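Asks: Quick one: structure below, then a few questions.
The values are calculated or read from the model by the stated rules, or taken from the named source; none is laboratory data. Nothing here was measured: the structure is a model prediction, and the numbers come from that model. In this analysis, Cβ positions are derived from the backbone assuming ideal geometry, glycine residues included, and neighbour counts consider all displayed protein chains.
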Amino acid sequence: MTTLSIKRLYKEYGDQVVLENINLEVRDNEFITLVGASGCGKTTFLRMLLGEERPTRGTFLIDGEPLPAEPGPDRGIVFQRYSAFPHLTVHGNVLLGLELARAPRLGRLFGAARRAALVEVDEMLHAVGLYEARDKYPAQLSGGMQQRLSIAQSVIKNPKILLLDEPFAALDPGLSADMHKLILGLWERHKMNIFMITHDIKEGFELGTRLLVFDKVRLDPQAPNAYGATITYDIPLGVCGTPLLDELTTRTRRTERFVNKLAVA
Amino acid sequence: MRRLVNLRPGRGGALVLGALPFFALLLVYLIASDLRLSENPSDKMLPALSSFADAIRQYATEPDQRSGQVLLWLDTQASLTRLGLSLLLGAALGLVFGIATGALPYVRAGFSPFIATLSLIPPLSILPILFIVFGMGEVSKVALILFGIAPFLMRDLSMRVGEIPSEQIIKSQTLGASSWTLITRVILPQLLPRLLDSLRLSLGSAWLFLIAAEAIAADEGLGYRIFLVRRYMAMDVILPYVAWITVLAFALDWSFRRVNRRLFPWYSGKNA
């Protein structure tokens, strides 16, 4: 059971308000997609969940406890890239999480303990379709395989929360469908909460059980930094249709243009 | 006619082109040596090839009258021991301080300005201090080389730690790594091939400081020997010694590269 409770959360850097008045309750086993224009605090929000950033104001509770101030094994992360370890094979990359947990001093398992762990690793590699590539190094893998590897690394730890930061953005469009199937399967099997940032609103609609839209409510050209983004839509998925998708796309584009214009100025 | 920038030599062509300057130099030397020797048969400046052969035979195969040892091997052993010891200590210091300053912000805040200042002191300027403090023996020579290469290695490795993508550092923490296991399982193994690269880069200065130290105070060693026979203008000894030092330097560099490729196949030798 994992629940998240966020109340009146603000994140500011000096004068610049990034997130304002975020309120969110998350129940167990939700698959939440986060969409919104770039610069609307999706990544900041994810970094807070990770423990890399602290909220400026407001409460952020996981299972009733305040959020830890650093990343930990209960919250897994898959970045857009660079998160597999180049010096370890596919096997070693997935094994690492188990080794770090079971051998806190050496960070290495030997003998029977290692063999037992490798059985779990092989199972995970079969699940993500990387078993045949188990002896390769990440540099020898395609982009899609590297992302599968990164997902396997995190999921084998059975995290309460899995964070995905645009995990498929750097992949060929044709690969996304496979990856969606993979991630949905893992989500059902491992019973975790997933937060996935995506730039692709359509992807946000297709995946998951709940869609959060981050957007700036007030676009003030005179004081562009005075107002941050907040959650403008919180939609349970499976009930919305094309008109909503179109509306969201229009709104996001408008904010994006606004942000870009500011960046140019 | 294609543009010059698009014309590439084949494998054999590249080999011939590469050998050309060596042969040109040899040819120029032989002609110049011949001219000088025909004017004055006892000229020592540019000895003939036969004098080299004699000198090499004497230094590389015959025991020295005074010490009873074969000088070239005695010198090579002494120099390589000093060099190897310094490289080993330098690598250890570089790894420890490089990782500590690269991975731990508190250690970085404490040591980085200090190491940066140390690295600015010209090592040769403190050679007298080293001689006074450590005496004229082996310690001061190793200390000089160490002083010349260790600050560079520390700073270079510290920067290499910084080059590891932050995604990996965060990911390891979500996989349950402590600061210690993050260093031993993620940072250190990725730093080892980079350490070998940095050592290769510091080989040049290591040789420089080795020969400088030997020239000033030693009773054996490659640098000692060439500075000793300089008094007799013994070019027939100096030039083979220089060639031998070059061969040794090349062999070291080459073996470092080989070791890197063999031990760390995942490290595609980006800077090789």
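Asks: May I ask you to list the residues in region A:112-128 that are within 21 Å of the chain's Cα centre (by Cα) and either of a type outside the set (Val, Ile, Thr) or within 14 Å of chain B (Cβ to nearest Cβ) (or both)?
Replies: First pass over region A:112-128, keeping only residues within 21 Å of the chain's Cα centre (by Cα): A:124-125, A:127-128.
Those that are within 21 Å of the chain's Cα centre (by Cα) and either of a type outside the set (Val, Ile, Thr) or within 14 Å of chain B (Cβ to nearest Cβ) (or both): A:124, A:125, A:127.
Asks: Say whether the condition of being surrounded by fewer than 17 Cβ atoms within 10 Å (Cβ to Cβ) and not in a helix (DSSP H, G or I) is met by at least one residue in region B:106-119.
Replies: no
Asks: Take region B:35-47 and flag every residue that is surrounded by 12 or more Cβ atoms within 10 Å (Cβ to Cβ) and farther than 12 Å from residue B:239 by Cβ. Steps first, answer last, please.
Replies: Start the filter on region B:35-47 by keeping residues that are surrounded by 12 or more Cβ atoms within 10 Å (Cβ to Cβ), which leaves B:36-37, B:43-44, B:46-47.
Matches in region B:35-47: B:36, B:37, B:43.
Asks: Residues that are within 14 Å of chain B (Cβ to nearest Cβ): find the helices (runs of 4 or more DSSP H) completely inside region A:142-259 holding 1 or more of those. Working first, answer last.
Replies: Working: elements: A:143-155, A:173-190, A:201-206.
Once the helices (runs of 4 or more DSSP H) in region A:142-259 are filtered for at least 1 residues that are within 14 Å of chain B (Cβ to nearest Cβ), what remains is A:143-155.
Asks: Moving on to the next point. So in region B:215-268, with the set limited to residues that are within 14 Å of another protein chain (Cβ to nearest Cβ) and without any contact (Cβ under 8 Å) to a residue 40 or more places away in the chain, which one is nearest to residue B:78 (Cα to Cα)?
Replies: Just the residues of region B:215-268 that are within 14 Å of another protein chain (Cβ to nearest Cβ), to begin with: B:260-261, B:263-268.
From what is left, the residues that are without any contact (Cβ under 8 Å) to a residue 40 or more places away in the chain are B:261, B:265-266, B:268.
Values: B:261: 29, B:265: 34, B:266: 36, B:268: 35 Å.
If we take residues in region B:215-268 being within 14 Å of another protein chain (Cβ to nearest Cβ) and without any contact (Cβ under 8 Å) to a residue 40 or more places away in the chain, then B:261 is nearest to residue B:78 (Cα to Cα).
Asks: A further question follows. Is it the case that region A:140-148 has a residue that's more than 21 Å from the chain's Cα centre (by Cα) and closer than 22 Å to residue B:189 by Cα?
Replies: Yes, region A:140-148 has at least one match.
Asks: Please verify whether region A:111-122 includes one or more residues that are surrounded by fewer than 20 Cβ atoms within 10 Å (Cβ to Cβ), in contact (Cβ under 8 Å) with a residue 24 or more places away in the chain and among the charged types (D, E, K, R).
Replies: yes
Asks: Turning to a different aspect of this structure: Can you say whether residue A:91 is surrounded by fewer than 17 Cβ atoms within 10 Å (Cβ to Cβ) and more than 9 Å from chain B (Cβ to nearest Cβ), as far as the supplied structure shows?
Replies: Details: surrounded by fewer than 17 Cβ atoms within 10 Å (Cβ to Cβ): no; more than 9 Å from chain B (Cβ to nearest Cβ): yes.
Here the answer is no, as residue A:91 does not meet what is asked.
Asks: On to the next question. When you check residue A:8 against the structure, is it at pLDDT 90 or above and either out of contact with any Cys (no Cβ under 7 Å at 6 or more places or on another chain) or within 14 Å of chain B (Cβ to nearest Cβ) (or both), yes or no?
Replies: Values: at pLDDT 90 or above: no; either out of contact with any Cys (no Cβ under 7 Å at 6 or more places or on another chain) or within 14 Å of chain B (Cβ to nearest Cβ) (or both): yes.
So residue A:8 fails the test.
Asks: Output the qualifying pairs, or none if there are none: Cβ atoms under 8 angstrom, residues six or more apart or on different chains, first residue in region A:61-85 and more than 7 Å from every other protein chain (Cβ to nearest Cβ), second residue assigned to a loop (DSSP other than H, G, I, E, B) and basic (Lys, Arg).
Replies: Matching pairs, first to second residue: A:62/A:160; A:63/A:160; A:69/A:54; A:74/A:160.
Asks: Next question. Taking region B:93-120 only, how many residues are in contact (Cβ under 8 Å) with a residue 24 or more places away in the chain and among the β-branched types (Val, Ile, Thr)?
Replies: First, the residues of region B:93-120 that are in contact (Cβ under 8 Å) with a residue 24 or more places away in the chain: B:93-95, B:97-99, B:101-104, B:108, B:112, B:115-116, B:118-119.
Retained after the next criterion (residues that are among the β-branched types (Val, Ile, Thr)): B:99, B:101, B:115.
Total satisfying the criteria: 3.
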